[in-house]
Amino acid sequence: MLKKDRLIRFDWAIKHILRDKANFDILEGFLSAVLREEVTVIQILESESDRELEHLKYNRVDILIKDSQGRYLIIEVQNQYESDYLHRLLFGTSKVIIDTLELGQPYSRIAKVISISILYFNLGSGDDYVYYGSTKFFGLHTNQPLKLHKREQTNEHFYVREVNVEQEIFPEYYLIQVERFENVINSPLDEWIYMLKNEKVREDFSARNIDRAREKLSTMQMGEKERRRYEKYLMNLASERDIMESAHQEGR
């Protein structure tokens, strides 16, 4: 039986609930907390998790989003350890860039991609629960960042502005290591990670749209058929975790 105060797991919600335009507000709240800026979701695009399968390899779930700035945002939930996970992240962002650049378009039209991974396992070792990565250029001898300039046009004249290369061009990566979070709330993002880990939203939480998540992701909102499917998913997930843990023990 599902507990009344529990919310639907985020991986299930991404696959079955958050693709509905009426629920974009939940995605916008979460993305705004991660990126620390206002995000407006325009469109959910096709991704490999759109296939209606009960068992995806390693329970991987991802969703591809286009926002009001024309950026492509990948949210991916990973439940099991994968040794080449970072390699696959690079492949995923590269594929989005290639797929969104039409033949004959100039390279200046390359899409900006941001990848956000929600990890329910410990990837590597470290003393934080959220990690950020991007491409940066520094002087080999001076260690100073490379500064580029971009010529832009207004209605009246051209002007030159300094460009932050990594933010405007190269993919950015966020790794949220849910299991390392110690339930200490210091920011709006911490409130969302608390929800991811505990499947609850506390009454004192005030992050953007997290109250919508409390309302719309309640397991009590599920119909009987959907509830049975969800319970089966949770049982399968627990079983696969047991299998993986047994394999690890045998390996040791």
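The values are calculated or read from the model by the stated rules, or taken from the named source; none is laboratory data. Quick caveat: nothing in here was measured; it's all calculated off a predicted structure. Don't worry about glycine lacking a Cβ; one is built from the backbone with ideal geometry, like all the others, and counts go over all protein chains shown. For accessibility, only protein heavy atoms count, side chains too; no ligands or nucleic acids. Shrake-Rupley method; radii C 1.70, N 1.55, O 1.52, S 1.80 Å.
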task: About the Cα centre of segment 92-142, how large is the charge dipole given +1 on each Lys and Arg Cβ and -1 on each Asp and Glu Cβ? Please answer in debye to the nearest 20.
output: 180 debye
- prompt: Want the number for residue 86 to residue 234: 0.36 nm per residue separation, take away the alpha-carbon distance, what's left?
  reply: 50.7 nm
- prompt: Can you pick out the pairs among 66/136; 150/197; 200/232 whose Cα atoms lie more than 32 Å from each other?
  reply: 150/197
field: Burial order of peptide ranges 118-124, 37-43 (average beta-carbon count within 10 Å, highest first)
entry: 118-124, 37-43
- prompt: How do 220, 195, 235 stack up against each other in accessible area, from largest to smallest, with a 1.4 angstrom probe?
  reply: 235, 220, 195
